[in-house]
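Structure record follows, encoded as structure tokens.
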Amino acid sequence: MGSIVEKYALIIYGDYMENYEVMVPFWVPQAFGVRLYSKLPGYLFTLISNFDEVKAKYYDALTIPRGRFTELLSVDDKVLGIVKGFANSPIATSCHSQLLLAAAGLLKGKKCTAFASMKPVIELAGSIWWEQRNTTSGFDITACLKDGNILSSIGWPAYAEYLKTLFESMGARVHATKTNSVLSYVGLRIQCPIPCAQALGCKVDTATPRRKKGETCVTATTTTKEPKFSARNVVITCLSQPIGMISVFMTMIALSCRGRSPKLLVMNDNAVNLVKEFAEKNGALAGIGQGQWLLAVAGWKRCACGHGMKVMVKMGGGDVEESKGCVSDGKPVTAIGWSALPSFISQLSRLLGLSFEF
């Protein structure tokens, strides 16, 4: 996945950002060789360099994720100075992070979309409000609008188009050796690889036992160090598919405190047999976090896993690769968790026959 030309991107974030809204723009570009530099305080995301050293001229793009931190930073002159420095470079925004662009005076005369409550602010900034038509729910709002160097979207439902548009704006080219379809059991960590796969041209279906097409699954995410949760719904897109039509089966179970999903899936014969059937037909498999439990029960041996999953994987008959964040053992690709997402996505893309270069 090496890049012909090395690219650098800056991500501005702060306290009270939404963790998933940061995961995608932070981890996915790194999978394809883009070096990400993070500025300002962030919950559970380590700062890579000092804020006072930021120079816009050293970066090829700026991303600003969703979160209440944008309200605080919109009156910070140093932050606005940095944002203004990207006036001629791609700037990707989501939900209400467009507020920083409005405060920096970069929206005047531009078309822009955002979360609906941002419409008055967008228009007061001299921008032309745009919204996707013919939608019935937030899940349908999947467009990422580009006007000049400004990229704007409503939020996480649009991340597939968001990533595709951001990569193209940075001069990226995607090469595919085949057409891919991906089937995934749902969970929090799939919400990074899924929009990435879609951005690279893959068709992705999601499924879970005892749920019908069109129903949703809630993925739990911790919002503070206290045991409180917010949720991101994943829409079920299929009940089942002919195995021969699917390129990769991903089993990526939420890394939540309770860990209920893998416990349910390994007790479901249909879920286990589907993985076994996929393997028998020479399909590719991928798992992350507690998803390794399902792979081990289904017969796959070598799995990357963290301390908390060692016993479960061994009891399921798997061999633990504890020292590596991500392991590719032929067709199976496994990773210990979110910290290994760049490597996981990179190896998964290679497995799909996708190459990516600038």
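Name the long-range amide H neighbours of residue 290: under 5 Å, sequence gap of 5 or more, or other chain; modelled H, no Pro or chain starts.
Amide H neighbours of residue 290, under 5 Å, 5+ apart: 253.
Just want the ordering: 129, 293, 156, from fewest to most Cβ atoms lying within 10 Å of their own Cβ.
129, 156, 293
Taking the number of other C-beta atoms within 10 Å as the exposure measure, put 326, 305 in order starting with the fewest.
In order of increasing Cβ crowding within 10 Å: 326, 305.
Using the Kirkwood radius over Cα pairs, work out the Stokes-Einstein diffusion coefficient for the stretch 7-171 at 10 °C and 1.306 mPa s, in µm²/s as a whole number.
The Stokes-Einstein estimate is 102 µm²/s.
Near the amide H of residue 321, under 5 Å away, which other amide H atoms are found, from residues 5 or more places off or on another chain, if H is placed in the peptide plane?
303, 304, 305
For the pairs 7/111; 78/324; 57/111; 146/203; 146/213, note any where the Cα-Cα span goes beyond 29 Å.
Over 29 Å Cα-Cα: 78/324; 146/213.
Can you sort 211, 66 from fewest to most other Cβ atoms within 10 Å of each residue's own Cβ? Kindly include the intermediate steps, with their values, before the conclusion.
On the way: 211 15, 66 25.
Listing 211, 66 from fewest to most nearby Cβ atoms yields 211, 66.
Every read-out reported here was derived from the displayed coordinates using simple, explicitly stated rules and does not represent laboratory data. Nothing here was measured: the structure is a model prediction, and the numbers come from that model. No Cβ is skipped: glycine too gets one built from the backbone with ideal geometry, and neighbour counts run over all protein chains shown.
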